[in-house]
Amino acid sequence: GGKLPSGLYTFTFTAYETDRDRQVSNVGSALMTVFLGLPPLITSPQQDQLLTPIDPQAVLFQWLPRATASPTGFSSTVYQIRLFRIDPNNAAQTSLFVEANQTALSQDPIFVGQSNSPNFLYNPLQPAYFPLIPGEVYAIQVQATNPIANENTYEKNGYSQVVSFRYGAKCLPPT
């Protein structure tokens, strides 16, 4: 079946006798708000932030969950984290913001992970870990899903904004 679009609805109910088509109740009304949850908002790293590499490598990704008003919204949300490497040749020709968004739409991520909480520690202990290269630019996007509802309950299919960041400064050879 279909879904109602987001909005405020008034439902009116009246009971009728089917044999005589006669009203047998008062008119009852109820208000109902229908809305899709908002996608997560990435808070760390910030757009175009320069992250300082550490050894062993570990990067904390954090986001703000914004679908907490629904009875099943917060407790059953599963987040999918997608990490992309930005092609430096393309990024030089366009803005980093534009290139990060185009990459997220057109390329497969270098890493996909899941979290039940609004953060994710990217480190060598993760399955399918891909070491970040100092000086390279990466982008992250988080998607909120609700496996209990078994359907999309979020605006933009639950996809957050795309945030690009640089992992350390490029290591130049000694001169």
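The values are calculated or read from the model by the stated rules, or taken from the named source; none is laboratory data. Being a predicted model, the structure only gives us computed values, none of them experimental. When we count neighbours, we look across all protein chains shown, and the Cβ atoms used for this are built from the backbone with ideal geometry, even at glycine. SASA here: full protein model, heavy atoms, side chains in, ligands and nucleic acids out. Shrake-Rupley method; radii C 1.70, N 1.55, O 1.52, S 1.80 Å.
Using only alpha carbon pairs under 8 Å that are at least six residues apart, calculate the relative contact order of the chain and give it in whole percent.
Relative contact order, the chain: 28 percent.
For a paramagnetic label modelled at 7 Å from the Cα of Val34 toward its Cβ, which residues of the range 138-164 fall within the zone defined by backbone nitrogen distances under 18 Å?
Taking a point 7 Å out along Cα→Cβ of Val34, the residues of the range 138-164 whose backbone N falls under 18 Å are 149-157.
Working from the alpha-carbon coordinates of the chain, get Rg over Rh, Rh being the Kirkwood radius.
With Rh from the inverse mean 1/r over Cα pairs, Rg/Rh is 1.22.
For the chain, with a Gaussian network of springs between Cα atoms less than 10 Å apart, report the residue from Gly113, Gly135, Gly28 with the top mean-square fluctuation.
Maximum among the listed residues: Gly28.
What is the magnitude of the charge dipole of the chain about its Cα centre, with +1 placed on the Cβ of each Lys and Arg, -1 on the Cβ of each Asp and Glu, and no other charges, expressed in debye to the nearest 20?
So the magnitude is around 160 debye.
Per DSSP helix of 4 or more residues, -39500 (n - 2.57); summed, then divided by the residues of the chain. What does that give at 222 nm, rounded to the nearest 500? Walk me through the intermediate numbers first.
Values: 2 runs with 17 residues, N = 175.
After summing the helix terms and dividing by residue count, I get -2500 deg cm²/dmol.
Using the heavy atoms of the protein chains and a 1.4 angstrom probe, tell me the accessible area per residue for the chain in square angstrom. Write down the numbers at each step before the final one.
Working: 10930 Å² over 175 residues.
In whole numbers, the chain has 62 Å² accessible per residue.
Would you mind calculating the gained length between Ile133 and Asp48 on full extension (0.36 nm times residue separation, minus the Cα-Cα distance), in nm to one decimal?
29.0 nm
Excluding ligands and nucleic acids, what accessible area in Å² is computed for Arg22 using a 1.4 Å probe, to the nearest 10?
Ignoring ligands and nucleic acids, Arg22 comes out at about 110 Å².
Among Leu50, Thr33, Tyr129, flag the residue with its Cα farthest along the positive direction of the charge dipole of the chain, charges on Cβ as +1 for Lys/Arg and -1 for Asp/Glu.
Leu50
With a point put 7 Å past each Cα toward its Cβ, work out how far Ala15 is from Ile148 in nm, to one decimal.
About 3.2 nm separates the two model spin labels.
Leaving out ligands, DNA and RNA, what percent of the accessible area of the chain is carbon and sulfur, probe 1.4 Å?
On the way: 6060 of 10930 Å².
C and S atoms contribute 55 percent here.
Whole angstrom only: what separates the Cα centroid of the range 41-68 from the Cα centroid of the range 1-36?
Here the answer is 46 Å between Cα centres.
Taking only Cα atoms and a 10 Å spring cutoff, compute GNM fluctuations for the chain and point out the largest among Thr52, Thr77, Thr14.
Thr14
Using a 1.4 Å probe on the protein heavy atoms only, what accessible surface does Ser25 show? Give it in Å² to the nearest 10.
Roll a 1.4 Å probe over it and Ser25 shows about 40 Å².
Under 5 Å between amide H atoms, partner at least 5 residues away or on a different chain: which partners does Arg66 have, H built in plane at 1.01 Å?
Close amide H contacts, sequence-distant or interchain: Leu41.
Need one number: nm distance between label points at Asn119 and Ser25, each 7 Å from Cα along Cα→Cβ, rounded to one decimal.
Output for this residue pair reads 5.0 nm.
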